[in-house]
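Working notes for the structure below.
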Amino acid sequence: MFSKIVVGVDGSETSDNAVRIACDLAGKYGSEIHLVHTPQPQTVAFALGAVAGYHAVTTMPTHDEVVKAAQKIVDAATDVATTCGCPVVSTQIEQGDPGTEITSFAQKLGADLIVTGRRGLGSIGSLVQGSTSQQVNHLAKCATLSVI
C-alpha cells in the first residue's frame, strides 16, 4: 500500500511520534522511510539547546549553526527510527518553507505517504493544527498523516 514514506521532522516530540508511526507502517507494508527537515529559527534554537518556546533569538544563526542544528535534528530522528528497528533509506535537509519543501521532496521521490507531527516547533499561532501539517495536507499529491 505504501512503498515510500516521507517523514517531516523538526526535533519536537510530535515529530518523534511521526517517525515512530511511520516506522510502524513501514514494518507492516515493507515501506522505505525517508526523512526531510527544513531548518527554521525555532528548530535551530531548539537544537542548539534552548527550551522550546522560551528562547530569545537575538541574532540570526550562522550558516554553520544552521547546518549543525539541522544535522542534529535529522540524526536524532534517525536514532528514533533505528530504535524502532526501522532503517532510514535517505535523509534530506532543505532550505525554504517547510510545507512546500516537504511536499516537493515527496513528489520528487514518488512517495505515496507523508507523515508529519500535527504540532511541532513551528508557528505558535496555530491552535488546532500546526501550519506545516496544514500546508502539507493542502499541497500534497499523495496521502498524508498528521500525528500527535
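FYI, it's all coordinate maths here, none of it is from the lab. It should be emphasised that the depicted structure is a prediction, and the values quoted were computed from it without experimental measurement. With ideal geometry, Cβ positions are generated from the backbone for all residues, glycine too; neighbour counts draw on all protein chains shown.
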Expected sort for 66-79, 3-16 on mean C-beta neighbours within 10 Å, highest first, is 3-16, 66-79
At R0 = 35 Å the Cβ-Cβ FRET efficiency linking A143 and V67, nearest 0.05, sits at 0.65
So what J values fall out for the range 65-80 if you push phi through Karplus, 6.51 cos²θ - 1.76 cosθ + 1.60 with θ = phi - 60°, rounded to Hz, Gly and Pro as x? 5, 5, 4, 4, 5, 4, 5, 4, 5, 5, 4, 5, 5, 5, 4, 4
Calculated from backbone phi, Karplus (6.51, -1.76, 1.60) coupling profile of the range 22-30 in Hz, x at Gly/Pro: 4, 5, 4, 5, 4, x, 6, 10, x
Contour minus Cα-Cα span, T100 to D79, at 0.36 nm per residue, comes to 5.0 nm
For T144, residues with placed amide H under 5 Å, excluding near neighbours: I114
Amide H to amide H, which residues 5 or more places from V7 or on other chains are under 5 Å from it, using H placed in the peptide plane? H34, L35, V36, V115
Can you give me the long-range amide H partners of D97? Hydrogens built in the peptide plane at 1.01 Å from N, cutoff under 5 Å, separation of 5 or more residues or another chain. none
